[in-house]
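Shown next, in structure tokens, is the structure this report addresses.
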Amino acid sequence: MTLYDVTLPGEPPVAHMCGGCEEIFHGIFGHGDLQKWYQTVERRDAEALRLYIQQSRAHELHRTACAFRCLPPAVVALSTPDQLRAELRKVQAILPEY
Amino acid sequence: MERSKEPYIWPGVPYPLGYAEASAATQTVAAPLLAGASLTLLGVVVVDDSTFRWPGATLLLVVSASITLIASIQVGADARRFLYNRQTLEAWYTEDELKRGPRALAEREKHFIQWKIRNQRAVIAFNAGTMLLIFAITSVLVPSGGDLAAWRWIATGLALLGALGEAWWMYHLFFREFRKRPDKQKSLDGGTK
Ligand SMILES: [Zn+2]
């Protein structure tokens, strides 16, 4: 697979890895996606946040035991380890299930 | 609520680990070659546009291919500044200095994210550039009448086929499955795809 990725003229996009469960996922994310997440978390509305997490397909990304399973793909892809921990703490303060 | 201890978290690395190397090779070897080729093609079309069926459209395609490919070289070089590993840090700092936590160490993870974002743009530019170049070549080949028309139509068909193949491949690369379901993944065949 990797050989084809390199030799064929089309260059594969950057893959992302969750720092918590090491699952690989694909996708092109931008600051806009991150901004939407920050805004949703800031509202501190549990139902809205739950819905956002579900619609972001976070549950498809992570392993079930991953500590960061509440974090959407865009957040996982564009955050440093420190930022991931900070986002997790924010979610935990709003949603008791994580 | 007993979620006391901090969860472990891995540092950011390219996946597969050789990806960054391969990506740099594409941007420093393949892209300049293709950019050079499209500039040569540009020269040909500008000098004599009488043998082309649609000289205007051809010129536009060739120019956009050149610009996009050159952009991919530049954006790729810009991205590459943000990618370095522990060895680079060890080359610039002594062990004691690293223990004191220099700025470069603190910024490593942020820079890795920067590399991902910028390199993604370079990849998109490179792929768009190759696509445009193939379309440019196709439009150069379309005959404007004359003896060689049949041969040039065949060549045009081949170029179009190449374009379709390339387009299919890029579609496969960019819109592949978001992720395999976790439970199905580690099963029977021991993880081989
Ligand atoms: Zn995870």
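The values are calculated or read from the model by the stated rules, or taken from the named source; none is laboratory data. All figures in this text were calculated on a predicted structure; none of them were measured in a lab. With ideal geometry, Cβ positions are generated from the backbone for all residues, glycine too; neighbour counts draw on all protein chains shown. Side chains are part of the model used for accessible areas, which takes the heavy atoms of the whole protein and leaves out ligands, DNA and RNA. Shrake-Rupley method; radii C 1.70, N 1.55, O 1.52, S 1.80 Å.
Here are a few things to note about the model shown:
- Where only DSSP H runs of four or more residues are counted, chain B gives -22500 deg cm²/dmol as its mean residue ellipticity at 222 nm, each run worth -39500 (n - 2.57).
- Coil-residue chymotrypsin sites (Phe, Trp or Tyr not before Pro) of the range B:53-109, DSSP, other Cβ within 10 Å capped at 10: none
- Anisotropy class of the range B:1-116 from Cα gyration tensor, a/c 1.5 cut: prolate
- Rounded, prolate or oblate (a/c below 1.5 giving rounded, otherwise prolate when a/b exceeds b/c) for the range A:30-98 by Cα gyration tensor: rounded
- Interface burial in the range A:78-92, defined as at least 30 Å² less accessible area with all protein chains than with the chain alone at a 1.4 Å probe, covers A:Leu78, A:Thr80, A:Pro81, A:Arg85, A:Gln92.
- Whole-Hz couplings from phi, Karplus 6.51/-1.76/1.60, listed for the range A:12-26; x for Gly and Pro: x, x, 5, 8, 10, 10, 6, x, x, 10, 6, 7, 9, 9, 10
- Applying the criteria of a DSSP loop state and at most 16 other Cβ atoms within 10 Å to the trypsin sites (Lys or Arg not before Pro) of the range B:1-101 yields B:Arg3, B:Lys5, B:Arg53, B:Arg81, B:Arg100.
- Peptide B:9-20, shielding by other chains (average Cβ, 10 Å cutoff): 5
- Applying 1/(1 + (r/R0)^6) with r as the Cβ-Cβ distance of B:Ser144 and A:Glu60 and R0 = 35 angstrom yields a FRET efficiency of 0.10.
- Three-way shape label, the protein assembly as shown, alpha-carbon gyration tensor, a/c 1.5: prolate
- Within chain B, longest stretch free of exposed GluC sites (Glu not before Pro) [DSSP loop, at most 15 other beta carbons within 10 Å]: B:3-176
- Relative contact order, whole percent, for the range B:19-181 stands at 28, derived from Cα pairs under 8 Å and 6 or more residues apart.
- Nitroxide proxy distance, nm - points 7 Å out along Cα→Cβ at B:Tyr8 and A:Leu51: 3.8 nm
- Mean Kyte hydropathy of 1.0 or more with a Cα span along the axis of at least 15 Å, helices from DSSP in chain B: B:31-47, B:55-80
- Site pair B:Tyr93 and A:Tyr98 shows an inter-label distance of 3.1 nm when each label is modelled 7 Å from Cα along Cα→Cβ.
- Estimated FRET transfer efficiency when R0 is 51 angstrom, pair A:Glu22-B:Thr51 (beta carbons, to 0.05): 0.35
- Counting protein heavy atoms only, the protein assembly as shown has 62 percent of its accessible area on carbon and sulfur, 1.4 angstrom probe.
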